[in-house]
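Before any comments, here is the structure.
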Amino acid sequence: MTKLKLFIAIIILTTPMLVNCQELNSENITQANEILSEVAADSGGLYFTTDELEKNNNKKYFIELLVRNSYLIDVQATKPKIVASYCASQLYKRIDKKTLDKNYAFKIVLISNDNQETFFFEKQEIKKVNEALNSIDKYINLVIANNLSEANSMLKIDEHKNFNLTVTNKILERIKDLKINSYNYYDDFSYTTKNDCWVVNNLISLNDKLIISLQFIIQKEDPEKIIYIKINQ
C-alpha cells in the first residue's frame, strides 16, 4: 500500500437471518461504518447470522460484514485476505461485548468488480491476533510518549542479534509531537514453512496523509513481544 485513502462509506443495513435486533444497535452500526470507511469501501452490510449444526441441530452465531468495492483492493492492489483480516480484527475490538460473547466467528465477504471472496475467522484466532496488534499499538504509544527505554523493552532481541534498536529513535523522529492515526493490517508470515508468526503492516497517518509505513513481525506464541521492525518509507 503506497498511500492511505479514507472516506465515509455508506452501510446498507439488510439483515437476513437476523439473530437479535438488539445486536443491530446504533453502536454496532457506527463501528461497522467506521471499518468500511477505513478500508475505503463504497458500501457494505452488517449481519448477525445463524450457523446451523447438522449433527446435533444446535445453533451457533457469527457476525458477517459485507464489503463492496474496497479502494485498497481495487486500486492499491492489497491482498483481499489482508483487508478481510483487518475487518475481522476490528470487529472483534469494536463490537459490544454482549454481542461479541454470543458469536463464535466472523465472516467477511468482499465484493469487487463482480468478483466475490469469502473469509472466515474464528473468534479465538482473532483474539490472539489482537493481542499482537495491541502490542504494536502499545509500542507506538510509548514511542510517541518518548519512553524509548520501555518501547525497546518490547523488542525481543535475544534471539535476533542483528536487531538495531536505533529503529525506535528513527520512528520517533517521524511522529514526535504529532496527533497521528495508526492502522494495522496483518497476515500470516509466509516466508517460513512453520507459519509461526504474523506479519503486520502498520500505516501511520496525519490528516489522512501517510507519514510512515512500518512492518512488524510477531511470534504467535509470544504476542507481547516484537521480533522485527522495518521502516518501509
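Please treat every number below as a calculation from the coordinates, not as lab data. Since the structure is predicted, the reported quantities are computational estimates derived from the model, not experimental observations. All Cβ positions, even for glycine, are placed from backbone atoms using ideal geometry, and neighbour counts span all protein chains on display.
Using the average count of surrounding beta-carbon atoms within 10 Å as a protection proxy, the listed peptides 38-46, 165-173, 214-222 rank, highest first, as 38-46, 214-222, 165-173. Checking every one of the GluC sites (Glu not before Pro) in the stretch 54-154 against DSSP loop status and a limit of 12 other Cβ atoms within 10 Å picks out Glu54. Dipole orientation for the stretch 74-126: of the candidates Ile108, Tyr92, Gln76, Tyr92 has the Cα lying most toward the positive pole (charges on Cβ; Lys, Arg +1; Asp, Glu -1). Phi angles of the stretch 133-145 translate, via the Karplus equation with coefficients 6.51, -1.76, 1.60 and θ = phi - 60°, into HN-Hα couplings of 5, 5, 5, 5, 4, 4, 4, 5, 5, 5, 5, 4, 6 Hz per residue; Gly and Pro are given as x.
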